[in-house]
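We did not get these values from a lab; they are worked out from the coordinates using the rules stated. Computed from a prediction, not measured in an experiment: that's the story for all the values here. When we count neighbours, we look across all protein chains shown, and the Cβ atoms used for this are built from the backbone with ideal geometry, even at glycine.
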Protein chains: 2
Amino acid sequence: MPTLSVFMDVPLAQKLEGSLLKTYKQDDYPYKMFLAYRVCMTNEGQPWVSLVVRKTRLQISQDPSLNYEYVPTVGMASFLQASLELLFGKHSQAIVENRVGGVHTVGDSGAFQLGGQFLRTWHKDGQMVYIISSQKEPHGLVFRDLGYTVYEFCIWNPKQLCSDSNVLFSVVQQIPRGCILVIGNIVDCKLSLGQWAKLMGTMKNKQIFPFFDIPCQGLYTGDLEEDAKILQYFVSHGFEFFCSQSLSRNFGIYDEGVGVLVVVALNNQHLLCVLSQLMAFTQALWLNPPTTGARIITSILSNPALHGEWKQSLKEVIENIMLIKEKVKEKLRLLGTPGSWDHITEQNGTHGYLGLNVQQVDYLVRKKHIYVPKNSRINFTCINASNIDYITQSISEAVHLTGGAGLRSASSENK
Amino acid sequence: MPTLSVFMDVPLAQKLEGSLLKTYKQDDYPYKMFLAYRVCMTNEGQPWVSLVVRKTRLQISQDPSLNYEYVPTVGMASFLQASLELLFGKHSQAIVENRVGGVHTVGDSGAFQLGGQFLRTWHKDGQMVYIISSQKEPHGLVFRDLGYTVYEFCIWNPKQLCSDSNVLFSVVQQIPRGCILVIGNIVDCKLSLGQWAKLMGTMKNKQIFPFFDIPCQGLYTGDLEEDAKILQYFVSHGFEFFCSQSLSRNFGIYDEGVGVLVVVALNNQHLLCVLSQLMAFTQALWLNPPTTGARIITSILSNPALHGEWKQSLKEVIENIMLIKEKVKEKLRLLGTPGSWDHITEQNGTHGYLGLNVQQVDYLVRKKHIYVPKNSRINFTCINASNIDYITQSISEAVHLTGGAGLRSASSENK
């Protein structure tokens with residue numbers, strides 16, 4: 001009798017994502033294009049790496065004094081300090097008061113995993129997680145796997161083709177007391193200071209625990225401070241919160257998953273307690289964080305010349321993105337594409353919505369071999385001089401053929 | 001009224017380990033010594049790094065063709081292939097039959113975390129974990145945190161000063177049907193092929209699921225095949241199992257936590273199902289594994305010349321350890337220390353039991369500032385030409401002063 005497998009009841013897992021990429025890879029058409037890469041691309045269609053990263057990596061690998069011993073579970077002290085100062089500014093009130101700390105995690109998934117584990121144990125009121133962002137975030141999965149009930153909200157309004165701050169207000173209104181609110185990329189939600197104050201007032205009354213996500217500081221507006229400003233608001237209003245900080249994307253070292261779970265507490269005593277408990281969870285997760293990425297980043301951030309070079313490289317990326325978006329918009333206008341395309345340049349960052357409907361996206365994928373996700377959120381750095389004409393031409397065709405559904409009319413916008 | 005902290009009920013976590021290191025660091029005595037480092041040390045008292053690793057690291061950082069994009073969640077295919085071939089041999093039956101696979105994990109803790117999560121969901125019979133090893137393993141904590149009931153067993157017999165294979169048999173006898181048996185470092189348990197067959201027969205009858213731990217292949221006997229031989233036995237007897245493979249220690253890149261959760265299934269179909277489910281868990285844990293360590297290791301393993309250099313460097317480490325142990329034993333003998341010290345050279349690997357009792361260890365720590373864990377299991381590579389005399393002199397003193405409790409008598413051994 002043949003032995004039965006221990007794994008006989010294990011089914012093939014459904015792929016959670018990547019099916020678009022899979023279809024793209026299976027496509028034999030020689031001029032196919034994939035516009036949904038996660039990473040920032042160069043004009044040459046290669047993943048972007050800040051030049052200063054290459055230089056620093058080489059320098060580190062030539063350093064004979066370095067050993068590769070285990071680093072502490074919490075991470076290298078110098079790395080954590082540099083990361084937190086980048087996020088809050090050197091003279092941040094919370095840093096001066098010694099009530100901000102962090103744990104080096106394996107990427108931002110690691111940060112949400114660790115934070116989620118901690119909150120499950122030590123914040124029992126909040127077993128519901130509300131996530132608000134400009135797109136569906138992978139962190140929903142992390143919280144769901146940990147047993148949380150997860151509700152997700154997107155600030156992008158596909159009818160009006162803009163980020164809608166009302167979503168933010170309505171979520172904060174409906175969210176039950178004591179819940180966890182994951183605040184993703186909402187840079188495009190332009191709120192006045194007064195609106196922020198109102199929002200924070202409601203959150204405080206309802207004891208909502210904020211868990212921020214800063215996945216690519218500097219790659220939204222090109223201004224490092226501006227991209228993390230939301231944290232300052234919450235610090236100055238006396239909030240305690242978690243924040244997932246990823247440093248992989250803004251340095252272009254995607255393959256190292258350098259993250260920090262940032263903790264802001266009311267005082268140093270609470271901070272130390274929280275960090276000590278986080279250590280216990282980290283020991284079971286991966287024991288010691290991987291350090292190559294952290295070493296590179298620390299070397300850059302703690303050296304003013306390198307730091308300057310890095311900031312400049314970020315600025316160039318952002319200027320390039322702006323230029324691409326302007327060109328896409330202009331070409332669509334010249335092609336007489338119906339509707340206003342201002343939403344393209346109104347969105348910040350590498351990724352943004354084209355504002356196409358499912359039918360139009362389907363046309364691009366099937367007829368034009370241009371792989372765009374169903375929600376039409378693309379990575380604009382995938383567009384460059386050699387493909388922009390084909391892409392804009394195809395978008396224009398798609399809109400002409402299928403009608404301008406979901407588009408703001410140019411006339412109403414240009415008033 | 002001052003705001004109450006969200007974290008007000010969070011206590012300071014008890015340190016799970018590292019208290020000996022902490023006491024050592026607080027000790028002001030200039031000639032203090034710490035003999036319990038986890039990593040392999042050189043004769044100069046520095047963490048060991050295989051020379052070929054430094055060279056390869058430099059080479060990789062100079063490669064302009066490399067981008068640092070995300071690698072697949074499962075890990076780089078070339079890395080996984082090289083790691084599995086190292087573990088099982090290129091011509092392993094299971095590899096040829098395409099029923100061995102792996103997932104790149106963050107260190108061995110990551111491998112146990114991932115494997116533990118999978119088994120909790122898909123191997124519901126086995127919610128009890130038995131761990132057997134030559135020392136207390138940190139993985140117990142991982143399984144406990146996941147909700148398993150954990151029982152730990154040590155093969156070291158402190159009275160008889162040897163590894164006791166009876167422990168292995170008695171654990172397999174008492175373990176309930178369908179449980180998980182984590183088999184750690186039991187290289188020192190010399191079992192005949194017949195004994196292995198008997199053991200595996202019982203395990204098969206009771207449907208015990210083996211979860212092996214190969215934390216430093218090549219650093220026990222100096223022979224890569226010999227150190228992973230146990231896996232071959234289980235493969236050839238048709239077992240399905242998991243194995244945590246760590247490649248950090250045997251390459252000397254401790255700070256990268258390069259691990260693999262190895263899966264052996266009855267056939268390729270089951271393997272693919274298991275790997276697909278593991279992907280889902282990995283996505284929530286860290287999404288993409290860090291690659292620097294994996295790149296270095298893959299470059300070395302897939303290049304025959306570098307592979308040879310690496311093997312040679314392992315051999316040198318092992319020869320050096322043997323030499324240190326011989327010298328320690330000889331010096332203790334010359335000092336007229338009561339008892340037989342053969343157990344020192346009888347143990348394989350960097351770490352081993354001195355065979356001292358708590359009183360003797362206490363004497364070393366308090367009077368001699370030589371920091372040795374309570375169970376007297378030390379890292380022999382912490383002993384070198386410049387401290388061996390002080391250390392052996394102190395051990396001898398400790399034994400003379402407190403009596404030879406726990407030691408085999410030299411006479412009974414020399415018969």
Subject >> Rg/Rh ratio calculated on Cα atoms of region A:184-262 (Kirkwood radius) >> reply: 1.00
Subject >> Kirkwood Rh and Cα Rg combined as Rg over Rh, evaluated for chain A >> reply: 0.98
Original post:
Roughly what percent of Cα-Cα pairs across the protein assembly as shown reach past 47 Å?
Top reply: 27
Original post:
If you take the square roots of the eigenvalues of the alpha-carbon gyration tensor of region A:69-290 and sort them as a ≥ b ≥ c, do you get rounded (a/c under 1.5), prolate (a/b over b/c) or oblate?
Top reply: rounded
Subject >> Value at 222 nm in deg cm²/dmol, rounded to 500, when DSSP H runs of n ≥ 4 in the protein assembly as shown each add -39,500 (n - 2.57) >> reply: -13500 deg cm²/dmol
Original post:
Taking θ as phi - 60°, what are the ³J(HN,Hα) couplings along region B:121-130 by the Karplus curve (6.51, -1.76, 1.60), each to the nearest whole Hz, with x for Gly and Pro?
Top reply: 8, 10, 9, 4, 4, x, 8, 10, 10, 9
Original post:
Say we join alpha carbon atoms closer than 10 Å with springs in a Gaussian network model of chain B; which of B:209, B:281, B:79 then has the biggest fluctuation?
Top reply: B:281
Subject >> Unit charges on C-beta of K, R, D, E only; dipole of region A:189-338, Debye >> reply: 500
Original post:
For B:110-118, what's the mean count of beta carbons from other chains sitting within 10 Å of each residue's beta carbon?
Top reply: 2
Original post:
Rounded to the nearest 5, what % of the DSSP beta bridges within region A:196-307 are antiparallel ones?
Top reply: 60
**OP:** Between copies, how far apart are the residue B:226 label points? List them in nm, one decimal, shortest first, with each point 7 Å from Cα toward Cβ, please?
**Re:** 6.5
**OP:** Report, for residue B:374, each distance to the same residue's label point in the other copies, shortest first and in nm; define the point 7 Å along Cα→Cβ.
**Re:** 5.7
Subject >> Among B:214, B:82, B:254 the positive-end extreme of the charge dipole of region B:70-302 (Cβ point charges) >> reply: B:214
**OP:** With +1 on each Lys and Arg Cβ and -1 on each Asp and Glu Cβ, and nothing else charged, work out how big the dipole of region A:39-170 is about its Cα centre, in Debye to the nearest 20.
**Re:** 40
Original post:
How crowded by other chains is A:254-260, given as the mean number of beta carbons from other chains within 10 Å of each beta carbon?
Top reply: 6
Original post:
How big is the gap, in Å, between the Cα center of region A:114-130 and the Cα center of region B:221-246?
Top reply: 40
Original post:
Put +1 on the Cβ of every Lys and Arg and -1 on every Asp and Glu Cβ in region B:109-233; which of B:154, B:142, B:179 then has its Cα farthest towards the positive end of the dipole?
Top reply: B:179
Original post:
Around residue B:75, which amide H atoms from residues at least 5 apart in sequence, or from another chain, sit under 5 Å from its own amide H, with H modelled in the peptide plane?
Top reply: B:104
**OP:** State which entries of A:55/A:90; A:55/A:315; B:198/B:329; A:22/B:124 exceed 27 angstrom in Cα-Cα distance in the structure shown.
**Re:** B:198/B:329; A:22/B:124
Original post:
Counting DSSP beta bridges with both partners in the protein assembly as shown, what percentage is antiparallel, nearest 5?
Top reply: 50
Subject >> Peptide ranges B:381-392, A:197-208 listed from the most packed, as the mean C-beta count within 10 angstrom indicates >> reply: B:381-392, A:197-208
Subject >> For region B:70-302: relative contact order, % (alpha-carbon pairs under 8 angstrom, 6 or more apart) >> reply: 30
Original post:
If you put a point 7 Å past Cα along the Cβ direction, how far is that point for residue A:85 from the same point in each other copy, in nm, smallest first?
Top reply: 4.6
Subject >> Exercise: per-residue mean of other protein chain Cβ atoms within 10 Å, B:63-75 >> reply: 5
Original post:
Considering only the other residues whose Cβ falls under 13 Å of the Cβ of residue B:122, what net charge follows from Lys and Arg at +1 and Asp and Glu at -1?
Top reply: -1
Original post:
Treating the beta-carbon of each Lys and Arg as +1 and of each Asp and Glu as -1, no other charges, what is the dipole magnitude of region B:70-302 about its Cα centre, to the nearest 20 debye?
Top reply: 540
